[in-house]
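Presented below is the structure to which this report refers.
The values are calculated or read from the model by the stated rules, or taken from the named source; none is laboratory data. For clarity, every value in this text was computed on a predicted model and none was experimentally measured. Note that each Cβ is placed from the backbone with ideal geometry, even for glycine, and that neighbours are counted across all protein chains shown. Ligands, DNA and RNA are stripped out before the accessible areas are found, and what is left, the full protein with its side chains, is counted by its heavy atoms. Shrake-Rupley method; radii C 1.70, N 1.55, O 1.52, S 1.80 Å.
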Amino acid sequence: MAVESLNTVWFCLIGLLWAGYFVLEGFDFGVGILSRIVGRSDLERRVCINAIGPFWDGNEVWLLVAGGATFAAFPQWYATMFSGFYLALFLILAGLIVRGVSFEFRAKDKAPAWRNAWDWALFAGSLVPSLLWGVAFVDMVHGLDIGPGDRYLGGFGGLLSPVSVVGGIFSLLLLVFHGSAFLAAKVEGGLSSRIRVVSLTTGPAVVLVGSGLVTWLALDGLGRPSPASLPHQVPLALGAAALLILAWASVSVWQRRPLCAFFSSTVAVLLLVAAEFTALFPRVMVSTHPAWSLDIWNSASAHETLLVMTVVAAIFTPFVLAYQGWSYWVFRQRLRVPGSGAGARAGEAYSSDRSRGLSIQDGHSAS
């Protein structure tokens, strides 16, 4: 019983880590995409980047911890997932690298062509993971061609089923909306009006595409046997609640309540991740051949390993959460494009670390 309990605990903890990643890194991705869409000048794009400047690298830690926890707690899940999604994960990793480099290199030269190139790199490095994460997570619950030895037997094309492609589109729209809600709550001045237009456009699109996706997955799940210990109605109810909250977030945008919209989109992302993991449980990866599905028992580490991990997590997790909460509190001020409104001062747009070239001084990035 103790073994089963720890297996369930770590399945839930990994779900929480992914939820934290998609909430925090999710708005980072959205802002990275929007910097090219709403930023009409170098200065406006700089302000978009500065809105996430103090947070983006800390938010990526959630991905590292989620991957590390999966490797330690469920090594077979980790092995099958990384072999099955090898090319997709490689593209995501390439996007994250290009994205991280763009933050560092953009301010190294004032030439417009140089900055424009790195702005596009940030756009692409944010768009690719936003799309592919949706594909991967829908595949995990919809089913992959996993055979004997827990090996993925399909190629990259096997990941791109019609429903997973819709999942990728939904993920992209969701994170753009989530990022626009964050940016609207963070930025003041003329830039905010363009952000609002994006939110008003993507909000209804997210609800529409999400409704189709949830319905598709629900109907597909009813048509085949499942060892899930939770009724199909649980993930369906969570998904429906997330869509209702996203609809409310769109209404909040219309009512010019950006903080309400951002908190609503945050709750919606959390509910969607909860829907994913409740649909999986007790499986961790679904195979199109039910006998070869991975679950929390046949993919887990030894009980002693899980016990040590639980103790370590209980000690260090509060410190990590406290530090990240402190950073958001310190950098809670809103940003304004210098000169965009009465009383605006050059230098009001800022970032967390001037030495990394992320601050604005008289309209130029500090070098």
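Just one of the numbered conditions (1) out of contact with any Lys or Arg (no Cβ under 6 Å at 6 or more places or on another chain); (2) under 20 Å from F27 (Cβ atoms); (3) open to solvent by 10 Å² or more (accessible area, probe 1.4 Å) is not true of V187; which one?
Result: V187 passes all but (3).
With respect to P235, determine if the residue is outside any helix (DSSP H, G or I) and either at pLDDT below 95 or touching a Leu at 6+ places or on another chain (Cβ under 7 Å) (or both).
no
Say whether the condition of being surrounded by fewer than 18 Cβ atoms within 10 Å (Cβ to Cβ) and farther than 20 Å from A19 by Cβ is met by at least one residue in region 262-275.
no
Just to be sure I understand, how many residues within region 183-208 are closer than 14 Å to N50 by Cβ, touching a Leu at 6+ places or on another chain (Cβ under 8 Å) and part of a helix (DSSP H, G or I)?
Just the residues of region 183-208 that are closer than 14 Å to N50 by Cβ, to begin with: 183, 186-189, 191.
Keeping just the survivors that are touching a Leu at 6+ places or on another chain (Cβ under 8 Å) gives 183, 186-188.
Adding the requirement that they be part of a helix (DSSP H, G or I) leaves 183, 186.
Residues in region 183-208 being closer than 14 Å to N50 by Cβ, touching a Leu at 6+ places or on another chain (Cβ under 8 Å) and part of a helix (DSSP H, G or I): 2 in total.
Output the residues belonging to region 1-23 that are open to solvent by less than 30 Å² (accessible area, probe 1.4 Å) and either among the β-branched types (V, I, T) or under 25 Å from S102 (Cβ atoms) (or both).
I14, W18, G20, Y21, F22, V23
So in region 301-340, with the set limited to residues that are in contact with a strand residue (DSSP E or B) (Cβ under 9 Å, 6 or more places away or on another chain) and part of a loop (DSSP other than H, G, I, E, B), which one is farthest from Y78 (Cα to Cα)? Spell out how you get there, then give the answer.
Start the filter on region 301-340 by keeping residues that are in contact with a strand residue (DSSP E or B) (Cβ under 9 Å, 6 or more places away or on another chain), which leaves 334-338, 340.
Filter again for part of a loop (DSSP other than H, G, I, E, B), leaving 334, 337-338, 340.
Numbers: R334: 40, V337: 44, P338: 47, S340: 49 Å.
Step by step, filter region 301-340, then rank; the result is S340.
Among the residues of region 26-54, what is the count of those that are open to solvent by 10 Å² or more (accessible area, probe 1.4 Å), part of a loop (DSSP other than H, G, I, E, B) and over 14 Å from R115 (Cα atoms)?
Counting residues in region 26-54 that are open to solvent by 10 Å² or more (accessible area, probe 1.4 Å), part of a loop (DSSP other than H, G, I, E, B) and over 14 Å from R115 (Cα atoms) gives 1.
Looking at this structure, is V65 farther than 21 Å from V141 by Cβ and open to solvent by 30 Å² or more (accessible area, probe 1.4 Å)?
In short, yes.
Within region 282-294, can one find any residue that is surrounded by 21 or more Cβ atoms within 10 Å (Cβ to Cβ) and part of a helix (DSSP H, G or I)?
no
Would you mind telling me which numbered condition in (1) open to solvent by 90 Å² or more (accessible area, probe 1.4 Å); (2) modelled with pLDDT of 80 or more; (3) farther than 29 Å from G58 by Cβ; (4) not charged (D, E, K, R) A342 fails?
Unmet condition: (2).
State which residue pairs qualify: first residue closer than 14 Å to P148 by Cα and inside region 290-303, second residue polar (S, T, N, Q) in any location, beta carbons under 8 Å apart, and separation of 6 or more residues or different chains.
S293/S287; L294/Q76; L294/T80; L294/S287; N298/Q76; S299/Q76; S299/T80
Residue check: is Q255 without any contact (Cβ under 8 Å) to a residue 12 or more places away in the chain, more than 20 Å from F281 (Cβ to Cβ) and either of a type in the set (D, E, K, R) or surrounded by fewer than 16 Cβ atoms within 10 Å (Cβ to Cβ) (or both)?
Working: without any contact (Cβ under 8 Å) to a residue 12 or more places away in the chain: yes; more than 20 Å from F281 (Cβ to Cβ): yes; either of a type in the set (D, E, K, R) or surrounded by fewer than 16 Cβ atoms within 10 Å (Cβ to Cβ) (or both): yes.
Yes: the conditions hold for Q255.
Quickly run through region 75-117 and pick out the residues that are of a type in the set (S, T, Y) and within 30 Å of I296 (Cα to Cα).
Y78, T80, S83, Y86
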